[in-house]
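What follows is a set of notes on a single structure, which appears directly below.
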Amino acid sequence: MTNRLITSIQSLIDLDLVEINTINLLFKEKSIKKGDFFLAEGQVCKHVGFIVNGLMRYYINDDGEDKTYAFAKENDFICNNESFIPQLPSSKSIQALEDCEILQISYNDLQTFYQSIRQGERFGRLVIEQVFIQTLQDLSSFYTDTPEYRYEQFIKKHSDLQQRISQYHIASYLGVKPQSLSRIRKRISNLR
């Protein structure tokens, strides 16, 4: 199960056999059932996860309404860094949309990873930089692009997820009601 994790890490840094064995010891297997949480609002994020199989969504509860702001699938890392790094309660949730198999590493074991793996800290920096850039792009798009354009970009970027995510969650991600998403989809299909 760790082969995909090792491949993902090696896409950013070099690893020797001892380091691969260390990673295999530091990451633990975990199953999360559909509807259950990797992280619930109010909890402290104590792990970084790597999705081997499955799909998750990130969302915030705004006066009883769930607002989805990201999705994570196979070969993605999952974490709420604003909770994980300072070890403070999370204002956001990460929920399984499908049964998931993940590999996770605790906060303390991640510190061991940084110390034991020659380029471990470099790997952490590169991952956080990717998260930071994606967050800025998503935020900018939310304020400057139309929901229709955002939907088209979502389809281009996540064509494989269209059948795996409910229209309700896609609409939430776009910041529109499900009825509006239906109209957007109809307009786009009429143009093709």
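Descriptive notes on the structure:
- Test: GLU101 is part of a loop (DSSP other than H, G, I, E, B) and surrounded by 14 or more Cβ atoms within 10 Å (Cβ to Cβ): no
- Taking the conditions (1) at pLDDT 95 or above; (2) surrounded by 13 or more Cβ atoms within 10 Å (Cβ to Cβ); (3) part of a helix (DSSP H, G or I); (4) not small (Gly, Ala, Ser) in turn, TYR59 satisfies each one other than (3).
- Of residues in segment 1-19 being buried (at least 16 other Cβ atoms within 10 Å of the Cβ) and over 17 Å from VAL52 (Cα atoms), the one nearest to the chain's Cα centre (by Cα): ILE13
- Among (1) touching a residue at least 40 places away in the same chain (Cβ under 8 Å); (2) of a type in the set (Ser, Thr, Tyr); (3) under 23 Å from PHE37 (Cβ atoms); (4) in contact with a helix residue (DSSP H, G or I) (Cβ under 7 Å, 6 or more places away or on another chain) - the single one TYR168 does not satisfy: (1)
- Contacts under 7 angstrom Cβ, first residue in segment 1-26 being closer than 24 Å to LYS73 by Cβ, partner of a type in the set (Lys, Arg), 6 or more apart: ILE13/ARG122
- Members of segment 168-179 that are over 14 Å from GLU152 (Cα atoms) and assigned to a helix (DSSP H, G or I): TYR168, HIS169, SER172, PRO178, GLN179
- Pairing residues of segment 110-126 that are in contact (Cβ under 8 Å) with a residue 12 or more places away in the chain with residues that are assigned to a loop (DSSP other than H, G, I, E, B) and surrounded by fewer than 16 Cβ atoms within 10 Å (Cβ to Cβ), at Cβ distances under 6 Å and at least 6 apart in sequence or on separate chains, gives PHE123/LEU12; LEU126/LEU12.
- Criterion applied to SER91, SER83 was being loosely packed, with under 13 Cβ neighbours inside 10 Å and modelled with pLDDT of 95 or more, and the one residue passing it is SER91.
- Selected residue (criterion: nearest to ILE60 (Cα to Cα)) from residues of segment 151-170 that are over 18 Å from the mean Cα position of the chain (by Cα) and surrounded by 14 or more Cβ atoms within 10 Å (Cβ to Cβ): TYR151
- Some residue of segment 108-119 being surrounded by 18 or more Cβ atoms within 10 Å (Cβ to Cβ), assigned to a helix (DSSP H, G or I) and touching a Phe, Trp or Tyr at 6+ places or on another chain (Cβ under 6 Å): no
- Any chance GLY35 is out of contact with any strand residue (DSSP E or B) (no Cβ under 9 Å at 6 or more places or on another chain) and surrounded by fewer than 15 Cβ atoms within 10 Å (Cβ to Cβ): no
- Here GLN134 clears all of (1) part of a helix (DSSP H, G or I); (2) under 18 Å from the mean Cα position of the chain (by Cα); (3) polar (S, T, N, Q); (4) surrounded by 14 or more Cβ atoms within 10 Å (Cβ to Cβ) except the condition numbered (4).
- Residue in segment 30-46 that is more than 23 Å from LEU126 (Cα to Cα), among the polar types (S, T, N, Q), at pLDDT 95 or above and not in a loop (DSSP other than H, G, I, E, B) present: yes
- Residue in segment 97-106 that is of a type in the set (Val, Ile, Thr) and under 17 Å from the mean Cα position of the chain (by Cα) present: yes
The values are calculated or read from the model by the stated rules, or taken from the named source; none is laboratory data. The structure presented is a predicted model; accordingly, all values stated were derived computationally and were not measured. Cβ: placed from backbone, ideal geometry, glycine included. Neighbour counts: every protein chain shown.
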